[in-house]
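Here the structure is laid out as structure tokens; the discussion comes afterwards.
Just so it is clear, none of the values below were taken in a lab; they were calculated from the coordinates. Predicted model, so just to flag it, every value in this text is computed and none were measured. FYI the Cβ positions are ideal-geometry reconstructions off the backbone, even for glycines, and counts take in every protein chain you see.
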Amino acid sequence: MEMAVENGVDFEDYFPSMVERMGREGFIMELCNGFRLLMDGESGLITLESLKKKSMALGLDDDEIVCMLRKVIWMAMGL
């Protein structure tokens, strides 16, 4: 399992074990549920405002949000 540490926050890549346990279809459905949970209801997008508001309700702090956003940017850049 891959682990990334940034600013004292540890993130483990659970995707491979989740796909193994849930199957590909179940895993994709779970990703979609997570997207819907974080998205802005009006725009259908995950905005900074919706991410911040809804992630607070999930107990994530600002450092964890920033680390998640950096990870997404790095992945999009192929880093």
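The figures follow:
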read-out: For 55, 43, order by how many other beta-carbon atoms lie within 10 Å, fewest first; value: 43, 55
read-out: Proxy reagent accessibility, fewest Cβ within 10 Å first, across 51, 45; value: 45, 51
read-out: Those GluC sites (Glu not before Pro) in region 16-51 that DSSP places in a loop and that have at most 12 other beta carbons within 10 Å; value: 42
read-out: Point-charge dipole on Cβ atoms (K/R +1, D/E -1) for region 3-77, about Cα centre, debye to 20; value: 240 debye
read-out: Signed unit charges on C-beta, dipole axis of region 13-79, positive-most listed residue 65, 47, 78; value: 78
